[in-house]
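K.L.:
Encoded as structure tokens, here's the structure I'll be asking about.
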Amino acid sequence: MRLLPEAMREPISLGYLLARASDTLADTETLDASLRAKMLGGFQDVLHGGDRKAWLRRVAEEVTPKQKHEGEKKLMESMEGVFSWLDSLQVASGSENIQRGGSNQSEQKGRSARQHDAILTVMEHILRGQRLDIERFELRDDFCFKKDNELEEYCYLVAGCVGEFWTEVGLISLEDFSKESAAQMNLWGANYGKGLQLINILRDLPNDFKDGRCYLPGVDMTDHDVVIREAARWRLRARSYLEDGNSYAAALKHRRTRMATVLPGIIGARTLDLLDQADWEQLQEGAKISRSQVYLAVWEAFWF
């Protein structure tokens, strides 16, 4: 996010903080699953004008004390400020409207208001995906994905929509964001996000299995041969989505935006290389590229 042009940095950073907060809430395993699902629903209500004070009070009493990660604890303590930051986009849009007076309806809505709407849209998708994850895997004991499109939908809700959000913010914030149409960029961006989420899933298979979660459709978790074979199939799909990410980045006109956009894909591709070579025991130990490879990825992204 630090690499992004200033005009994109604020809405992207704000969207990230909100998504990170909801992710922290969803992943606080020491909280009852039904409570987490309910709190995520309350998060959605607050974003659309619901009782913020009551929700923040409950977060302070029941969620924040459970946080072991100092950064996540600090974020949950700071949610009132994050919401105020979101409110400020609406205030700014009001000022723009007054100054523009005779502009048409689209212009009158203002850049800040459109950024605000884009944040609400992406958060609606993310929160729905997080709630579904809890309802399926924690509030039921018989759920598994059966078809590829079910996993695709999940990946879209928690990550693919972020590619669309990135596109929307870029188009709102920069006059010359890309060389391709918004429709094409949205398609590439959604696929890019889905590919990155698939990598997370494929890397975390052993840990998810320990928790009774299997994201691979129609797979018996106890049959490691089938798991390895299906994981290879999904890695190929993830690679194809990363290629869409490369096409997306190549269409961007600003070097800083290109670099920020392509970097996760370069790291993701190198993670897939590790996964291609890993057996089940190595997967259990964890597949993560080295710090030196991350630095090389940054260099490669700079020259992309």
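K.L.:
Taking region 274-304 on its own, how many of its residues are small (Gly, Ala, Ser) and surrounded by 15 or more Cβ atoms within 10 Å (Cβ to Cβ)?
P.N.:
4
K.L.:
Sticking with this structure for a sec: Scan region 135-168 for residues that are crowded, with 21+ Cβ neighbours inside 10 Å and assigned by TED's automatic domain parsing to the domain that holds Ala26 and jot them down.
P.N.:
none
K.L.:
Identify the single condition in (1) modelled with pLDDT of 95 or more; (2) over 17 Å from the mean Cα position of the chain (by Cα) that Arg255 does not satisfy, given that it satisfies every other one.
P.N.:
(1)
K.L.:
Name the single residue, out of those in region 4-59 being surrounded by 18 or more Cβ atoms within 10 Å (Cβ to Cβ) and in a loop (DSSP other than H, G, I, E, B), that is modelled with the highest pLDDT.
P.N.:
Thr28
K.L.:
Among Leu120, Leu139, Leu157, which is the only one that is of a type in the set (A, V, I, L, M, F, W, C), over 21 Å from Ala7 (Cβ atoms) and part of a helix (DSSP H, G or I)?
P.N.:
Leu157
K.L.:
Then there is this: Of the residues in region 276-295, how many are small (Gly, Ala, Ser) and at pLDDT 90 or above?
P.N.:
Residues of region 276-295 that are small (Gly, Ala, Ser), as a first pass: 278, 286-287, 290, 292.
Restricting the remaining residues to those that are at pLDDT 90 or above gives 290, 292.
Here the count works out to 2.
K.L.:
Return only the number of the condition from (1) on the phi > 0 side of the Ramachandran plot; (2) under 15 Å from the mean Cα position of the chain (by Cα); (3) not acidic (Asp, Glu) that Gly212 does not satisfy.
P.N.:
(2)
The values are calculated or read from the model by the stated rules, or taken from the named source; none is laboratory data. Being a predicted model, the structure only gives us computed values, none of them experimental. Because the Cβ atoms are built from the backbone with ideal geometry, glycine has one as well, and the counts that use them run over all protein chains shown.
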